[in-house]
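Since the structure comes first, as structure tokens, the remarks are kept for the end.
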Amino acid sequence: MTLFNSRKLPAPVQNRPSGAYKTSRWRMFLLPFSVFLGALFTWYFLVRFNVFPSYAMPGPGAVASSFVEDFKSGSLLNDIVASLWRVAVGFVISAVLGIPAGLWLGQHLTGRQAFLPMLNFFRFLSPLAWIPFAILWFHIGDKPAVFLIFMATFFPLALATMSAVATIPAIYFRVAKDYNYKGVELLTKVTFPAVLPQVITALRVSYGIAWVVIVAAEMVGCQDGLGYGIWEARNGLRLDSAACYMVVIGLLGMGIDRFLLQFSKLPNVRWGYER
Amino acid sequence: MYAGDMKDKIQNSRLTLQDVSLSFGTMPVLQNLSLSVNSGEFAVIVGPSGCGKTTILNLLSGHIQPGSGAIHREGVIRTVYQKDGLFPWLTVSQNISMGLRSVSDAQQREEELQSLFELIHLEDFKNHYPHELSGGMRQRVELARALAGNSDILLMDEPFSALDYQTRLRMRYELVRLLEKRPRTVIFVTHDIEEAAQLADRVLVLSKRPATILKELEITASKPRGLTDGEVVKAMKEILEELGILREIVV
Ligand SMILES: Nc1ncnc2c1ncn2[C@@H]1O[C@H](COP(=O)(O)OP(=O)(O)O)[C@@H](O)[C@H]1O
Ligand SMILES: [Mg+2]
């Protein structure tokens, strides 16, 4: 945990008496929890009073027991690992290529002029449009899914990094010049840390895209994964299992986002979120 | 106290503008401006807003080139900016260490850093980030960074004008005290006439654009100078007169 707590920050100033502070902490937990319960009850009653035919709308109980079943059989865990792996690989490749590409583009006007329209074109092209090609080029397995994740995240990451670089306040480069930062050092010690807060935000956003895309990507060309699980449940008319997978996808997505959020609490990037 | 190689004497520094002219597009900003700053001198440039004060500092630092004329500079030049000159991703200590990059010996760097912290009385904030400091504290850190290592000349562009009045008053004393410990050649730009009168060895009053030097005013009183000292008040009056402000207000 030293990564995130390398330095003790001063405690936030508490103007309110501690009693009021406690109730607000309670609220932070209680409010979303009651909304969740409300949704659960609505769901339950929709099923209880057969608003939808029962084959088209599994109840909370059916979903819970399907969760137990899928968990015990090991298929759920296997699918989770498969999806996480694909997203991680695709995401890392596009970060490793997209962030440097954005850094370069941000610093080179000619490069921007040359590549920007092309990058924008691909950004607005739904990654799902690549599915036929992904399967033709990469057949089945991890590769087509990884490719689709890459196509979905590379362009927004590169573009966000690029515009972050292009808007670095000129004074930082003035100061860098005063103190003799040049070349690689200028890039790693000035340009990169200056855009890091925005890059972290871009990583969170594009991770969100990746997590949405993986489900669709796995419905074709894969033999496992969370998206494949939903597709298979549909084919077997097991909507309880499909709903169970949906819950898992949502929760995992939230969880990983919480994890990525921790990076924005690193002491050397916090300045970027406190303006 | 550690003395070591800390730079507490002024090396030979030289800074001159010779018949410098500069236009931005068709707008002349400087016309045949000559000025020369002596080693160890505290020169203050005052003038109406937009007359070209920042432009003069940019020429002196080499950030921009003149249209015509010659510039001579000798010595390591550092600039203290009005605000936001610190890198927000570095701690106070890392920011000040930027000024020590030319010091190769790690031990010496550490000692010098320590003595700079003592100088600006911010030992308790070493590991804080700039955004966790007040404006006055940030400017003290900027000063420490500019004074660190082998600097000879400080260019200061309205370094206190983003601060509140009381902090500004305190920073003037602070600057005088720091320069006593670590003398430097200073070119200080301001639109604050009090500041000029309290700090300057010599005040250069500039005209409206295109800027020329209307008047040079030597102030010999010893520093620190109180705001209401006779010499200070007298100098303020002279500057105001030269800028044509006194007349306008009285009439
Ligand atoms: N890079 C630039 N391009 C065009 N005009 C500029 C530029 N920098 C400054 N100016 C103009 O030159 C004049 C002097 O500017 P400056 O030196 O910043 O004035 P100040 O005395 O307020 O510091 C102003 O009218 C300003 O608008
Ligand atoms: Mg200015």
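Derivation of every value follows stated rules applied to the coordinates shown; laboratory data play no part. Keep in mind the model is a prediction, meaning the values are calculated, not measured. Virtual Cβ from ideal backbone geometry, glycine too; neighbours counted across all protein chains shown.
Among all helices in chain B defined by DSSP H, which have a length of 15 Å or more along the axis from Cα atoms plus a Kyte-Doolittle mean of at least 0.0? Each step should come with its number before you reach the end.
Values: long enough: B:106-120 (21 Å, -0.62); B:135-147 (18 Å, -0.31); B:165-181 (25 Å, -0.85); B:230-243 (20 Å, 0.14).
Membrane-span-like by this criterion, though nothing is claimed about a membrane: B:230-243.
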5 angstrom amide H check on A:His108, placed H, neighbours 5+ away: none
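State, to one decimal in nm², a quarter of the convex hull surface area for the C-alpha atoms of the protein assembly as shown, i.e. the direction-averaged projected area. Intermediate values should be presented prior to the final figure.
Details: hull surface 141.7 nm².
If you wrap the Cα atoms of the protein assembly as shown in a convex hull and average its projections, you get 35.4 nm².
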Chain A: DSSP helices with Cα axial extent of at least 18 Å and average Kyte-Doolittle hydropathy no lower than 0.0: A:18-48, A:60-73, A:75-107, A:109-124, A:142-166, A:192-218, A:239-263
Separation of alpha-carbon centers, region A:211-237 and region B:132-195, rounded to whole Å: 64
Rounded Å value of the spacing that divides the Cα centres of region B:105-120 and region A:115-154: 54
Dimensions in Å of region A:227-274 - Rg and Dmax from alpha carbons: 17.3, 52
Antiparallel %, DSSP beta bridges [both residues in the protein assembly as shown], to 5: 50
Overall Cα dimensions of region B:24-99 - principal axes, largest extent first, Å: 43, 29, 22
Distance histogram for chain B (every C-alpha pair counted, 10 angstrom bins, percent rounded to whole numbers): 7, 30, 35, 21, 6, 0, 0
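Ranked by Cβ crowding within 10 angstrom, fewest neighbours first, how are B:His121, A:His108 ordered?
Details: B:His121 11, A:His108 14.
In increasing order of surrounding Cβ atoms, one gets B:His121, A:His108.
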